[in-house]
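Comments concern the structure below.
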Amino acid sequence: MFITYEVLQAKDACEGQALRFKALFPDGCTVTAALCGTHTSEFEWSWAAKNLLSPSARAEYEQACAPPWAGYEQARDTARAEYEQARALALAEYMRACAPALAEYKRACDTARAEYERAPARAKYDRACAEAFGRLAEKED
């Protein structure tokens, strides 16, 4: 198969991919397995298969890609499980390390709150409000 920039444009290729192709192959190129392997990470091969291969070649492509995809999914799932386990252990360790500091923080807050509630100014305020209410209530009679 011979591909050119114009062929990619006619097939509505992504402009970035088409321009990358044009930069590498300004006069187009004959596609080979070796050439595609050299440019593995530069192009979206699933798009190319869907848009450039015949239906029978596309079916063969999908068959050829299925085993490596299954291997990728298995490796990804294993890596994800390992990540989740490591993350959970790290979080548990973090929580254990923070627990004493959090407890001390709560104790300090509780002590400060108790002192705040016992502050003479608060008692003075409460008494003034109570007496004001009483005086005004007496006048209501």
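Every number here is computed from the coordinates shown, using simple stated rules; none is lab data. Values in this document were obtained by computation on a predicted structure and should not be read as measured data. Quick reminder, even Gly has a Cβ in these numbers, built from the backbone with ideal geometry, and neighbours come from all protein chains shown.
In this structure, is residue 74 under 30 Å from residue 47 (Cβ atoms) and exposed (fewer than 10 other Cβ atoms within 10 Å of the Cβ)?
No, not satisfied.
Show the residue pairs meeting these rules: Cβ distance below 8 Å; 6+ apart or different chains; first residue within the range 6-23 and buried (at least 16 other Cβ atoms within 10 Å of the Cβ); second residue among the aromatic types (Phe, Trp, Tyr) and part of a helix (DSSP H, G or I).
What qualifies is 8/21; 13/21; 13/47; 18/5; 21/5; 22/5.
Test residue 70 against the stated conditions and say whether it is in contact with a Lys or Arg (Cβ under 8 Å, 6 or more places away or on another chain) and assigned to a helix (DSSP H, G or I).
no
What residue, among those in the range 47-68 that are of a type outside the set (A, V, I, L, M, F, W, C) and under 15 Å from residue 37 (Cβ atoms), is surrounded by the most Cβ atoms within 10 Å (Cβ to Cβ)?
61
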